[in-house]
Amino acid sequence: MVKVILKIDGMMCGMCESHINDAIRQNFDIKKVKSNHSKGETVIVAETEPDEDKLYSVINATGYALTGITKEPFQKKRFGLF
């Protein structure tokens, strides 16, 4: 699994977060998506890496600007285990 962090410019409120989350869910096969307008980022968890060109296209079509993409392996948090 992969964790993809998108830097997005233009999100101002919770409705902006919902708009981005809906666009991601409708266009990509993902496990989880969560946006944070205060941080200006959206975090996606998926089995495989989403296509970067399509990410730019989908996000920019919503009226927001995708300014960066970071990818890292997803690691589940296990509480109480070391």
**Report entry** Which listed residue is among the acidic types (Asp, Glu) and part of a helix (DSSP H, G or I), from Asp29, Asp53
**Finding:** Asp53
Query raised in the report: Do we find a residue being out of contact with any strand residue (DSSP E or B) (no Cβ under 6 Å at 6 or more places or on another chain) and on the phi > 0 side of the Ramachandran plot anywhere in segment 57-64?
Result: yes
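Scan segment 47-66 for residues that are out of contact with any helix residue (DSSP H, G or I) (no Cβ under 6 Å at 6 or more places or on another chain) and crowded, with 16+ Cβ neighbours inside 10 Å and jot them down. Step through it out loud before you land on a result.
So the first thing to find is which residues in segment 47-66 are out of contact with any helix residue (DSSP H, G or I) (no Cβ under 6 Å at 6 or more places or on another chain), and the list is 47-57, 59-61, 63-65.
Answer for segment 47-66, where residues must be out of contact with any helix residue (DSSP H, G or I) (no Cβ under 6 Å at 6 or more places or on another chain) and crowded, with 16+ Cβ neighbours inside 10 Å: Pro50, Leu55, Ile59, Tyr64.
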Requested in this report: Looking at (1) over 17 Å from Ile5 (Cβ atoms); (2) in contact (Cβ under 8 Å) with a residue 60 or more places away in the chain, find the lone condition where Ser57 falls short.
Outcome: (2)
Query raised in the report: When residues of segment 3-33 are filtered for being closer than 17 Å to Thr67 by Cα, without any contact (Cβ under 8 Å) to a residue 40 or more places away in the chain and out of contact with any Pro (no Cβ under 9 Å at 6 or more places or on another chain), how many remain?
Result: 4
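Hey, among Ile69, Ile20, Ile44, Ile5, which residue is surrounded by 13 or more Cβ atoms within 10 Å (Cβ to Cβ), in a strand (DSSP E or B) and touching a Ser or Thr at 6+ places or on another chain (Cβ under 6 Å)?
Going through Ile69, Ile20, Ile44, Ile5 in turn, the sole match is Ile5.
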Report summary line: Selection from segment 23-41 of residues touching a Ser or Thr at 6+ places or on another chain (Cβ under 9 Å) and aliphatic (A, V, I, L, M) yields Ala23, Ile24, Val33
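Since every read-out is calculated from the coordinates, none of them should be taken as a lab result. Fair warning: this is a prediction, and the values are worked out from it, not measured in the lab. With ideal geometry, Cβ positions are generated from the backbone for all residues, glycine too; neighbour counts draw on all protein chains shown.
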